[in-house]
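Quick note: the coordinates plus some simple rules give every number you see, no bench work behind them. From a predicted model like this one, the values you see are computed outputs, not experimental measurements. Cβ placement follows ideal geometry from the backbone for every residue including glycine, while neighbour counts extend to all protein chains displayed.
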Amino acid sequence: MEPQDIFCKIARGEIKSDKILEYFNWMVLPAIDPVVDPPKYVQLLVAPKGHYPDFQSLPEYARNSHDEVIFKMLRALERSGMLQGYLIESHVGKASGASFPDHFHTHIITLGEGCGREYSTELNRLKKYSEKHKVKPDIAIINETAERIKQNL
Ligand SMILES: [Zn+2]
Ligand SMILES: [Zn+2]
């Protein structure tokens with residue numbers, strides 16, 4: 001049976017997602033994140049189209065192109081005026097507390113003025129979110145942001 005995680009479903013086209021970039025076997029997706037507040041806070045997900053649980057199981061060409069994808073996205077974020085500070089974090093395995101522990105992926109999270117340490121961990125971001133946004137993620141803002149980044153690739 002094919003893997004049923006969200007990244008594999010997106011890669012197979014079973015779930016629609018507007019990919020910001022497809023590069024070799026990588027795809028970059030806007031995170032459906034309620035905190036998204038450009039240019040201050042933007043979150044992108046970089047995931048392989050193939051199902052690999054962790055970094056060490058990626059084939060060599062995918063390991064090498066991972067850094068290139070990150071580089072391209074950082075440059076695009078920079079040109080979009082959305083890059084002051086940033087975090088790059090990969091979530092691997094259930095023990096990491098990852099929401100999607102079975103499929104390797106890397107988060108690019110931009111942090112602007114005022115974000116600071118409050119936003120520097122997943123748990124803090126979620127806490128902040130539940131305090132601040134009692135609403136669902138704003139898909140319009142997420143899509144607009146993704147479009148703006150795409151134009152700067
Ligand atoms: Zn998968
Ligand atoms: Zn994650």
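In this label model, Asn152 and Lys9 are separated by 3.1 nm, measuring between points 7 Å along each Cα→Cβ vector.
Distance between the modelled labels on Glu144 and Gln84, one decimal in nanometres: 1.9 nm (7 Å Cα→Cβ projection).
Listed by chain and number, the lysines whose C-alpha is less than 26 Å from the C-alpha of Lys16, apart from same-chain residues fewer than 8 away, are Lys49, Lys72, Lys94, Lys134, Lys136, Lys150. Multiplying the residue separation of Phe100 and Glu118 by 0.36 nm and removing their Cα-Cα distance gives an extension gain of 4.2 nm.
Taking only DSSP H segments of four or more residues, each worth -39500 (n - 2.57), what value at 222 nm results for the chain once the sum is divided by all its residues, to the nearest 500 deg cm²/dmol?
-10000 deg cm²/dmol
Using only alpha-carbon positions in the range 32-153, the gyration tensor eigenvalues give semi-axes of 24, 19, 13 Å once each is multiplied by 5 and square-rooted (largest first). Which one of Lys94, Lys49, Lys19 has the biggest mean-square fluctuation once the chain is modelled by GNM with Cα springs under 10 Å? So, out of Lys94, Lys49, Lys19, the one fluctuating most is Lys94. When the chain is modelled as a GNM with alpha-carbon springs shorter than 10 Å, which of Gln84, Gln43, Gln56 fluctuates the most? The residue that fluctuates most here is Gln56. Less than 5 angstrom separates the built amide H of Met27 from those of Ala47, Lys49, all sequence-distant by 5 or more or on a different chain.
Its relative contact order, with pairs defined as Cα atoms under 8 Å and 6+ residues apart, puts the chain at 29 percent. What percent of all Cα-Cα pairs in the range 58-121 falls into each 10 Å bin, going from 0 up to the bin containing the maximum distance? Binned Cα distances yield the sequence 19, 41, 35, 6.
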